[in-house]
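Working notes for the structure below.
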Amino acid sequence: MTVRVRIAPSPTGNLHIGTARTAVFNWLYARNQQGKFVLRVEDTDEARSRPEYTENIKSGLEWLGLTWDEGPFFQTERLDKYKAAIQTLLDQDLAYFCYCTPEELEQMRESQKSKGLAPRYDNRHRGLSAEERTALEAEGRKPVIRFKIDDTREIVWQDQVRGRVAWQGSDLGGDMVIARAGEGTTVGQPLYNLAVVVDDIDMDITHVIRGEDHIANTAKQILLYEAMGATVPQFAHTPLILSAEGKKLSKRDGVTSIDDFRQMGFLPEALANYMSLLGWTPPDSTEEIFTLAEAAKTFDLGRVNKAGAKFDWDKLDWINSQYLHKMPIDQLLPLLVPYWREAGLEVDLEGDRSWLEALATMVAPNLTRLADVVKETKLLFGEAANYTDEAIDFLKQEGVDAVLKEVVTAIEAADSLEMDDAKAIIKQVTKSLKVKKGLVMRSLRAGLTGEMHGPDLIQSWLLLHQKQLDLVRLNKSLSLL
Ligand code: GLU
């Protein structure tokens, strides 16, 4: 048997972390089993589905390295299949037209509530005669199609994550709607549970791996598989992603779409690595940094946890920094460029490559996210520094102007300025003015960058010097005094 799994996003929003994590688990399982990973776009909700969301989902999966083997298949292109399946269920008397109005359903719910009962459809139109149907149609009512659910049935499956799961037919809310009304008594828009089962049968899906919020759907879907005479696939319900407080993750936790993570400066390899750990424990739990291909070697649904997985920003940051710190500079540099440009800092990747590489090399160990490069390096762009109050106060201290003047003279006299020359200048100034080295260093930092804190001072100075900005900035600082 070839394992076949799928991710079936609805394009009603951008690719979300929850869907992406489900995709990671499906991808890992497919690769582990030398199976196939199918992409199916569940776009039957015409009012909420948008082509740009489909594009966003596809590009997000690609960015994360979650390549699919088949698809994308679109449910809107398969409506005939669903309608044929519904017609068969109607012909077999496993489904029927229900003419209840929204008001009647509301009344039903109210009366159940007042008796302390859980709301459900009471199956009242299950056994309508042809005359009764005709009469209801004559009133102009629009029917839906419901699939019969046997209240006495116990639906049991061996979940690959959760073990034995059992549902009572009576807990499924009564006969379920599988299609909306069409014109007259034709089959209208099919609904999720029906379309999913038709597709999973048609696409030979062997394992349905999805979030645990779908458990009740699974019970309903098993009944549909049986009604359609198909083999029921294996099910694996993955734990929900929770906030740090243990609640269901929401927008308020700052975690939304994969695009947001990308913009914040997470690397796709790091994010995919982190997501694989959101609910899965590798056999060697001390090893937390791995590629998806490496994880696929040991991935096992049996090691997916039942308990919710807490989203941990610190851990994601740590994993991202591990990837950033070992990334070769020529790969890292082009990834940094958009962040500089976005912040209004001019960079010419071609013309200025070696300077930018030196700059990136200096700050790479300080980066947790790509976006950090702006705050780490912005001091070194442009002719003028932006002086903080602290730096101005410092520059005005006694002795600072003498230090800076001496440094300027030394730079002007130097043939070249490399690391050793810079160190020699600092030493010489310290000696000739009989001041502490700390004063020289702080004067240089304030004079060159306008701030009292920042990246490595001598390297920063050399980088500024390569652009002939050190003298410009030191003279500007002197003019302030
Ligand atoms: N379209 C459904 C969703 O996005 C798919 C669920 C499933 O995998 O069956 O939640």
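Derivation of every value follows stated rules applied to the coordinates shown; laboratory data play no part. Quick caveat: nothing in here was measured; it's all calculated off a predicted structure. Ideal geometry is used to build each Cβ from the backbone, glycine not excepted, and the neighbour counts take in all protein chains shown.
A compact table of results
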{"read-out": "Normalised contact order of region 101-260, rounded percent, pairs of Cα under 8 Å and 6 or more residues apart", "value": "18 percent"}
{"read-out": "For region 39-126, with +1 on Lys and Arg beta carbons and -1 on Asp and Glu, the positive-most of Trp63, Thr76, Gln107 along the dipole", "value": "Gln107"}
{"read-out": "Protection proxy ranking of 299-312, 115-128, 58-71, 198-211 - average other beta-carbon atoms within 10 Å, highest first", "value": "198-211, 58-71, 299-312, 115-128"}
{"read-out": "Karplus-derived HN-Hα couplings along region 284-289 (A = 6.51, B = -1.76, C = 1.60, θ = phi - 60°), whole Hz, x at Gly and Pro", "value": "9, 6, 7, 8, 10, 10"}
{"read-out": "Interchain or long-range residues, amide H under 5 Å from Gly211's placed H", "value": "Thr238"}
{"read-out": "Amide H contacts under 5 Å for Ser10, placed H, 5+ residues apart", "value": "Glu42"}
{"read-out": "Per-selection Kirkwood Rh - region 1-145 (Cα, Å, 1 d.p.)", "value": "18.7 Å"}
{"read-out": "The chain - charge dipole about Cα centre, Lys and Arg +1 at Cβ, Asp and Glu -1, debye rounded to 20", "value": "1000 debye"}
{"read-out": "With 5 Å bins from 0: P(r) over region 253-358, alpha-carbon pairs, percent", "value": "2, 10, 19, 19, 17, 12, 8, 6, 4, 2, 0"}
{"read-out": "Filtered trypsin sites (Lys or Arg not before Pro), region 408-453: DSSP coil and at most 11 other beta carbons within 10 Å", "value": "Lys434, Lys436"}
{"read-out": "Label-point gap, in nm, between Arg153 and Glu131 - each point 7 angstrom along Cα→Cβ", "value": "3.2 nm"}
{"read-out": "Taking Trp157, Trp461, Trp318, Trp313 and counting other C-beta atoms within 10 Å, the order from fewest to most", "value": "Trp313, Trp318, Trp157, Trp461"}
{"read-out": "Coordinate range along principal axes, alpha carbons of the chain, Å, largest first", "value": "109, 47, 43"}
{"read-out": "Residue among Leu462, Gln428, Val337 farthest towards the positive dipole end of the chain, charges placed on Cβ", "value": "Gln428"}
{"read-out": "Residues Lys476, Lys113 arranged by fewest to most Cβ contacts within 10 Å", "value": "Lys113, Lys476"}
{"read-out": "Coordinate range along principal axes, alpha carbons of region 30-102, Å, largest first", "value": "47, 31, 19"}
{"read-out": "Surface/4 of the Cα convex hull for region 159-262, nm²", "value": "10.0 nm²"}
{"read-out": "Ranked Asp93, Asp317, criterion: other C-beta atoms within 10 Å, fewest first", "value": "Asp93, Asp317"}
{"read-out": "Amide H within-cut-off set for Phe74, under 5 Å, with H built and near neighbours excluded", "value": "Val41"}
{"read-out": "Taking only Cα atoms of region 346-412, radius of gyration then Dmax in Å", "value": "15.7, 44"}
{"read-out": "Mean ellipticity per residue at 222 nm, deg cm²/dmol - from DSSP H runs of n ≥ 4 across the chain, formula -39500 (n - 2.57)", "value": "-14500 deg cm²/dmol"}
{"read-out": "Binned Cα-Cα distance frequencies in region 68-185 - 10 Å width, integer %", "value": "11, 32, 32, 19, 5, 0"}
{"read-out": "Contact order normalised by residue count of region 1-97, Cα under 8 Å, 6+ apart, percent", "value": "32 percent"}
{"read-out": "Region 373-481: radius of gyration over Cα atoms, expressed as a fraction of 2.2 N^0.38 Å", "value": "0.96"}
{"read-out": "Region 221-352: relative contact order as a whole-number percent, Cα under 8 Å and 6+ apart", "value": "27 percent"}
{"read-out": "Reachable lysines from Lys431, criterion Cα separation under 17 angstrom, eight or more residues apart if same chain", "value": "Lys405, Lys423"}
